[in-house]
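The structure appears right after this line, and notes come after that.
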Amino acid sequence: PSTPPVTVIGLGPMGQAMVRTLLGAGHPVTVWNRTAARAEQVVSAGARPAASPAEAVEAGDLVILSLTDYQAMHDILDGAAASLPGRTLVNLSSDTPSATRDAATWARAHGAAFLTGGMMVPAPMVGTDRSYLYVSGDEEAFEAHQATLGRLGQVRFLGEDPGRSQLMYQAHLDVFLTALSGFAHATALVGSAGITAEEFLPEVVELFRAIPDMIAADGMDALGARIDAGDHSDRGSNLTMMGATADHVHAASEAVGIDTALPRAVQEHYHRQLVEGRGAEGWTRIIDGIRAPRK
Ligand code: NDP
């Protein structure tokens, strides 16, 4: 059938959003959550509550996990290992690539196919046309369940290495979290002169949206290709100019007494290259220092 049964284990905001999306698409959904009360809303919406993790796993071939980390999967499924043979586990919880790879080895040892991944949008956006997820691991299992996983969002399969989708997820969070800290830091900086967040954020978000055009007038693919080729030639933002700017952000932060750890980290990226005499090169050269941190 085009709407096979699905089990969802873990009913935080993300798990609940997945259940609602799968129910909406017509899949029978069985759920289990450590804190049973958290299942109430999705059960009212039509999900079937399982009495135990083993019963949840046995409800179908496809078991999706949405938990705080990979340890939580072991806490839940170690006692239900006898029910695993022949099933496909899709763990969409965040953790490190190595914890992810270890879990894949564990699952295979118990006779289950294993896919890992991450939802790349917040819970309210799951199932919308802006939703997407990275998945990697057992390719045959992926092909068998691709259509069902596609209900959650556009699926981007990254190959057999189970750690790869997790790394992709962490890399996105790297950009996201650094950007959020940048927003908070800049808001504190202008706040020192009485500029409110309400005034500032709508202004600065324009710059944020323009970043792709600012750093790659010929497109992000072209920028990526140059970085891959080690071509860091200056295209209008050389290291001397950018490094001076980084110094100014740091000095301005220090002068008003706000935290300087973030601007210092940025400044360090430029200084690492400037001491090597690379001031005339483009800003992308900073990746070399990031790849080889000082011991
Ligand atoms: P949480 O990260 O709060 O996950 C909570 C779930 O994990 C609950 O079901 C909780 O059970 C369960 N859990 C945690 N530890 C254990 C344990 N030791 N044993 C059993 N169950 C455990 O909620 P989210 O739904 O927000 O996130 C789930 C995953 O989705 C995370 O990996 C997150 O990074 C990812 N994600 C979330 C997004 C979001 O918008 N929320 C966006 C993108 C990704 P209990 O209810 O009993 O506490």
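The values are calculated or read from the model by the stated rules, or taken from the named source; none is laboratory data. Everything numeric in this text was worked out from a predicted model, so none of it was measured. Methodologically, a virtual Cβ is constructed for each residue, glycine included, from the backbone with ideal geometry; neighbour enumeration extends over all protein chains shown.
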> Which of the residues spanning segment 268-289 are without any contact (Cβ under 8 Å) to a residue 24 or more places away in the chain and under 16 Å from Ala246 (Cα atoms)?
Replying inline: Glu268, His269, Arg272, Val275, Gly289
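What do you reckon, is Val126 β-branched (Val, Ile, Thr) and without any contact (Cβ under 8 Å) to a residue 60 or more places away in the chain?
no
Return the residue satisfying two criteria in turn: it lies in segment 13-42 and is among the aliphatic types (A, V, I, L, M) and away from the ligand (no atom under 14 Å from the Cβ), and of such residues it is surrounded by the most Cβ atoms within 10 Å (Cβ to Cβ).
So, considering only residues that are among the aliphatic types (A, V, I, L, M) and away from the ligand (no atom under 14 Å from the Cβ), the one surrounded by the most Cβ atoms within 10 Å (Cβ to Cβ) is Leu22.
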>> Being of a type in the set (A, V, I, L, M, F, W, C) and without any contact (Cβ under 8 Å) to a residue 24 or more places away in the chain is the filter here; which residues of segment 36-50 pass it?
In response: Ala36, Ala37, Val43
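Within segment 1-66, considering only helices (runs of 4 or more DSSP H) that don't extend past its boundaries, which have at least 2 residues that are under 19 Å from Ser131 (Cα atoms)?
Values: elements: 13-24, 40-44, 53-57.
By residue number, 13-24.
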> In segment 80-92, is there at least one residue being under 30 Å from Leu173 (Cβ atoms), more than 11 Å from the ligand (Cβ to nearest atom), polar (S, T, N, Q) and more than 23 Å from the chain's Cα centre (by Cα)?
Replying inline: no
> What are the residue pairs meeting all of these: first residue in segment 89-101, first residue touching a residue at least 40 places away in the same chain (Cβ under 8 Å) and outside any helix (DSSP H, G or I), second residue surrounded by fewer than 19 Cβ atoms within 10 Å (Cβ to Cβ) and among the aromatic types (Phe, Trp, Tyr), Cβ atoms under 7 Å, and 6 or more apart or on different chains?
Replying inline: none
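Return yes when Ile215 is over 30 Å from Ala103 (Cβ atoms), at pLDDT below 95 and in contact with a Ser or Thr (Cβ under 9 Å, 6 or more places away or on another chain) and no when it is not.
In short, yes.
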> What number of residues within segment 172-217 satisfy the criterion of being of a type in the set (Gly, Ala, Ser), surrounded by 11 or more Cβ atoms within 10 Å (Cβ to Cβ) and under 23 Å from the mean Cα position of the chain (by Cα)?
Replying inline: 4
>> Against the conditions (1) modelled with pLDDT of 95 or more; (2) surrounded by 12 or more Cβ atoms within 10 Å (Cβ to Cβ), where does Ser237 fall short? Just the number, please.
In response: (1)
> Is it true that some residue in segment 46-60 is within 10 Å of the ligand (Cβ to nearest atom), more than 22 Å from Pro122 (Cα to Cα) and either buried (at least 23 other Cβ atoms within 10 Å of the Cβ) or modelled with pLDDT of 95 or more (or both)?
Replying inline: yes
> Of everything in segment 124-143 that's over 18 Å from Asp95 (Cα atoms) and crowded, with 17+ Cβ neighbours inside 10 Å, which residue is nearest to the ligand (Cβ to nearest atom)?
Replying inline: Val126
> Restricting attention to segment 265-295, and to residues there that are surrounded by fewer than 17 Cβ atoms within 10 Å (Cβ to Cβ) and among the β-branched types (Val, Ile, Thr), which single residue is farthest from the chain's Cα centre (by Cα)?
Replying inline: Val275
>> For Ala113, only one of the following conditions fails: (1) under 20 Å from Gly12 (Cα atoms); (2) crowded, with 19+ Cβ neighbours inside 10 Å; (3) at pLDDT 95 or above. What is its number?
In response: (1)
